[in-house]
Amino acid sequence: MRTIAENSENRFIQKSRERRKREGVRIGGRRVSVLPEHYKLHYDYKLLIVILILCCFGLIMVYSSSAYVAMNSSKYNNDDCYFLKREALFMAIGAVAMLLISKLDYHWFVGTHKIFYLFVVALMALVDFTKLGVEINGQRRWLHLFLVSGPTFQPTELVKIAVILTFAYWI
């Protein structure tokens, strides 16, 4: 049996939850309404099926274009599925990242677009004006992932996201 204090505490918690749902939350200095719970649980299954079909088609194309090279090269252990396995691994990592990101409240990014944009501009400046930029095939467009050595990436890939977030904020 509950005490009076427990009942009043539960009513207070329930009322504050209802108020937050009704009034919304502040994100980036703007009041944003909270999405109903049923929006957070459902996916656009038609879009998901199209994505899966395109991924399967991509795997078929990777295998058909690289099987001969991988099979005849000791560099790839004479494994004709070497590139297929590698592409499937990266596709699985991307799918997990897609599912995790789809659970985030996208309104949070509205408040961070300026910081992200400035960060990306700083990365572009690192490529152009410092020795941290890596020249590959005569073009200086890459940075090492760990700024000294290791895998490289192009900051322009992050610029695409920053521009989309900034334009979405302006609109």
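The values are calculated or read from the model by the stated rules, or taken from the named source; none is laboratory data. This is a predicted model, so every value here is computed, not measured. Here the Cβ is made from the backbone with ideal geometry for all residues, glycine too, and neighbour counts use every protein chain on show. Protein only, heavy atoms only, side chains kept; ligands, DNA and RNA dropped before computing areas. Shrake-Rupley method; radii C 1.70, N 1.55, O 1.52, S 1.80 Å.
The modelled label-to-label distance between SER65 and ASP80, using points 7 Å beyond Cα along the C-beta direction, is 1.9 nm.
Shown here are the Rg and Dmax of the Cα trace of the stretch 90-171, at 14.9, 41 Å. For the stretch 64-171, trypsin sites (Lys or Arg not before Pro) meeting the loop criterion (DSSP other than H, G, I, E, B) and having at most 10 other Cβ atoms within 10 Å: LYS103, LYS131.
Taking every protein chain into account, the 1.4 Å probe leaves PHE57 with about 120 Å² of accessible area, to the nearest ten.
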